[in-house]
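Presented below is the structure to which this report refers.
The values are calculated or read from the model by the stated rules, or taken from the named source; none is laboratory data. Everything quoted here is computed from the prediction, not taken from an experiment. Neighbour counts run over all protein chains shown; Cβ positions are idealised from the backbone, glycine included.
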Amino acid sequence: MDPDDWSKVVLAAIPVVGAVAKLLLGAVPGRRGRLVSDADLLAKLPPDSDAYKRMLGHLDAEVARIVEEEDRKRRDVVGVVLGVALLVGAAALAVSAWHSDRDLYPFLWAAAAVVALLGTVGLVQDATPRARDDRGRPIT
């Protein structure tokens with residue numbers, strides 16, 4: 001398969017992968033989805049019951065926790081972009097290794113593996129929302 005065919009396959013796969021990811025992420029209710037269902041349940045409870053008061057307290061605490069975490073936690077965008085760039089570079093090295101002479105074959109595969117490992121580690125560390133300082137470094 002020549003590079004032109006590969007580019008067509010990749011361009012066709014991008015929307016499919018995006019659609020599948022959107023479906024999978026939408027299938028798992030997040031904190032806000034649970035809050036909405038809890039609020040619906042609260043609306044069905046009688047206002048003078050103990051369950052209503054407990055649910056209201058739970059909702060208040062959960063909203064406060066979400067607001068606090070959104071103010072503190074964020075991703076390091078530069079690190080995420082760098083991690084993705086390293087993974088793209090690793091893919092390019094792997095394609096080069098696939099089409100290379102047998103003399104360079106092991107070196108290109110080794111370089112692709114190292115770059116992919118570094119990109120994956122960096123992407124996971126920087127894409128995870130954490131409390132960070134003004135320069136983007138995680139606060140421990």
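Observations on the structure shown:
- Filter result for ASP103 (of a type in the set (Asp, Glu), loosely packed, with under 13 Cβ neighbours inside 10 Å and either at negative phi or modelled with pLDDT of 90 or more (or both)): yes
- Taking first residues from region 48-71 that are over 19 Å from SER37 (Cβ atoms) and partners that are assigned to a helix (DSSP H, G or I) and small (Gly, Ala, Ser), no Cβ contact under 6 Å between residues at least 6 apart in sequence or on separate chains turns up.
- Test: residue in region 87-98 that is in a helix (DSSP H, G or I) and touching a strand residue (DSSP E or B) at 6+ places or on another chain (Cβ under 7 Å): no
- Among the conditions (1) at pLDDT 85 or above; (2) surrounded by fewer than 11 Cβ atoms within 10 Å (Cβ to Cβ); (3) under 30 Å from ARG137 (Cβ atoms), the only one that LEU25 does not satisfy is (1).
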